[in-house]
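Working notes for the structure below.
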Amino acid sequence: MIENSQNSVDIHTSSASSQQECSVITSSEENLYRLLLPRVLTEQELTTHGYPRPCGQPNKAEITELYPTYGDTRRCHRCQMSFEVSSDGVYQTAETCRFHCGRWKPVSSGHFKKMFDCCGKGHKSLGCKKAKQHVYKNEISGVYEGYMETMPLNEENYKFNVLSFDCEMVYTRFGLSFARLTVVNYKLETVYDTMVKPSAEIIDYNTHMSGLRAQDFIGVTTTLHDVHEWFKKNVNADTILIGHSLNYDLKAVKIVHNKVVDTAMLFSDSPGKMPGLKLLAEKQLGKVIQVTGKGHDSTEDAQCCMQLVQKKVNWKE
């Protein structure tokens, strides 16, 4: 069972057929689509920011990482320490990970300084949380297998012009992997919400961020293949996909897509400085999300991204 923003629901797999009847494109959605088109990332922006790009080979994608790692060395996603992992996912470094689960934020106490909001300590302090081992994102540039590219518009995949989606991630022996996926439409209605069984062994449920625990995976049989089948039937190459730092989500679900609006970049004040979704929700929407210690909710985050872009382009239904 997973706690969402409204109530506790079982979301092992739910889709448009069981939650929301798919309908034809409305004039309101068409209007939003036209307003968003100028905000779609360029090819250069997609490549520069590590989005999966076509490489001329079927079922493969090329990824250029902003901060790539090399060889067997990995950087812990939580404490930033370096450690070694072999190509077959075997950890060569066995040591405890000490990290802060909160955010690094400024505080006012007579003079400007920053501290972690999880424990109130400074940046050089020993982490307030402990885990059995380090974890990492796969940040190696190269060509990867197992990808699908969204297809041109056809009589089956025409249902949506604009969608927002978000993934909750866990850590496996081979890095970060998605374990829950939620997709919402322009009305903030959930059209797809599913738990996903990672192909590799989960070594850390990332609960303080994902909100997921071992019991949430009991009975889960949905795989990446099933997710790809849903995208083939509901998303076409002209659909605008919205999300926050969506490069990570598209890498996780192994999808190549060209029409993307990324709220991290849309609301960036300067190159390289990407505001967090929590901060944007508070400042732009007056909403409190991603409360420290309670984990994220992919439905809430996907809805928030949709609301942010609607506000940015002054769209009203």
(request) Working only within the range 1-54, note down all residues that are assigned to a loop (DSSP other than H, G, I, E, B), closer than 19 Å to F165 by Cα and at pLDDT below 50. (result) N4, S5, Q6, D10, I11, Q20, E21, C22, S23
(request) Starting from residues that are of a type in the set (A, V, I, L, M, F, W, C), in a loop (DSSP other than H, G, I, E, B) and open to solvent by less than 90 Å² (accessible area, probe 1.4 Å), keep the ones in the range 67-94 and report whichever is nearest to K124 (Cα to Cα). (result) C79
(request) May I ask you to say which residue of G286, G243 is crowded, with 22+ Cβ neighbours inside 10 Å and either under 22 Å from W315 (Cα atoms) or of a type in the set (S, T, N, Q) (or both)? (result) G243
(request) Would you list the strands (runs of 3 or more DSSP E) that sit entirely within the range 166-248 and hold 3 or more residues that are touching a residue at least 24 places away in the same chain (Cβ under 8 Å) and not aliphatic (A, V, I, L, M)? (result) 175-184, 190-195
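The values are calculated or read from the model by the stated rules, or taken from the named source; none is laboratory data. Since the model is a prediction, treat every value here as computed from it, not as a measurement. Here Cβ is always computed from backbone atoms with ideal geometry, including for glycine, and neighbour counts include all displayed protein chains. The protein model used for the area step is the full one, side chains on, heavy atoms only, and it has no ligands, DNA or RNA in it. Shrake-Rupley method; radii C 1.70, N 1.55, O 1.52, S 1.80 Å.
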